[in-house]
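First up is the structure itself, then whatever we jot down about it.
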Amino acid sequence: MQAPLLAQIVLGCLLGGLLSVFAAALVMFGMPRKWLSFTVSFSTGLLLATATLHLLPEALEGGLTPHEMFPLLLGGILGFFMLEKFALWRHTHSGASEADAHPDDRQCDDHTHSHHHLHDAADTRGATLLILIGDGFHNFTDGLLIAAAFLADPLLGWSTTLAIIAHEVPQEAGDFAILLAAGWKRGRALFWNGISSLTSVLGGIIGYFALDNARNSIPMIITIAAASFLYIAIADLMPRLKRETQSVGWHGVLLVAGIAVVAFGGGHTH
């Protein structure tokens, strides 16, 4: 017997938030750091495939015409770019390949643009607060997107949740690197990253009640979800993979594996 839809949405949001935080903590606090770059490769494949093979076809099947969907997709990509420029929607990932950039600085094993600026920031408290607020807003939007995907099709919802879990692990690891560089203890960084991740549950619940009474809006929200996945993959993850010089073959295998999981995993029931 299938669980109620709202329960599935809440579970998906919890997995997309807390599971990625704890996975990132394991990588940052003890596991080999190269695992993080492998996660980036796998999540790139997941994001590209989920957006192009599942979300966009679902939006078309949901009633959008190509002339409606593609301008919305373009606007979504540009919108996420502007939100990130104004620090309202953080999504900078750490890159394991950059660890050698500062061999004498053990806090620079994982870098984000925010990390570089943090070394020069006079007010690290304000910088870390901005990180948590931006991450909370991003997780809230993830919750909305998960809710829209579940309302369209539960299997599409789980596919979207899987893609979010994969791409959140590198981001959360980057957040840990910044907070630790600012002098935070591991337990404190883990606690507040976990609290920030719970905003996805709020987004999922609000999305469920708002979109359940506005089903015609679901294809548009799904298109926005595809725009966010494509933006993250193309603007953030793929440039980092281009800089990888070690284990190139494994990165290629994991990229294809991410695509294969989506392509052969049964994205929706239509």
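The values are calculated or read from the model by the stated rules, or taken from the named source; none is laboratory data. None of the values given here were measured: they were computed from a predicted structure. A quick note on method: Cβ atoms are made from the backbone with ideal geometry, for glycine too, and the neighbour counts reach across all protein chains shown.
Quick notes on this structure:
- Once segment 240-260 is narrowed to residues that are surrounded by fewer than 16 Cβ atoms within 10 Å (Cβ to Cβ) and in contact with a Gly (Cβ under 9 Å, 6 or more places away or on another chain), the residue that is nearest to GLY157 (Cα to Cα) is ALA260.
- No other residue among LEU145, LEU211, LEU162, LEU202 is modelled with pLDDT of 80 or more, buried (at least 24 other Cβ atoms within 10 Å of the Cβ) and of a type outside the set (Val, Ile, Thr) apart from LEU145.
- Tally, over segment 20-64, of residues that are modelled with pLDDT under 80 and of a type in the set (Phe, Trp, Tyr): 3
- On inspection, ALA263 passes the criterion of being small (Gly, Ala, Ser), more than 23 Å from ASN139 (Cα to Cα), surrounded by 14 or more Cβ atoms within 10 Å (Cβ to Cβ) and touching a Leu at 6+ places or on another chain (Cβ under 7 Å).
- Of the candidates GLY174, GLY194, GLY187, the single residue that is without any contact (Cβ under 8 Å) to a residue 12 or more places away in the chain and farther than 27 Å from LEU53 by Cα is GLY187.
- Selected residue (criterion: modelled with the highest pLDDT) from residues of segment 170-189 that are in a loop (DSSP other than H, G, I, E, B) and of a type in the set (A, V, I, L, M, F, W, C): TRP184
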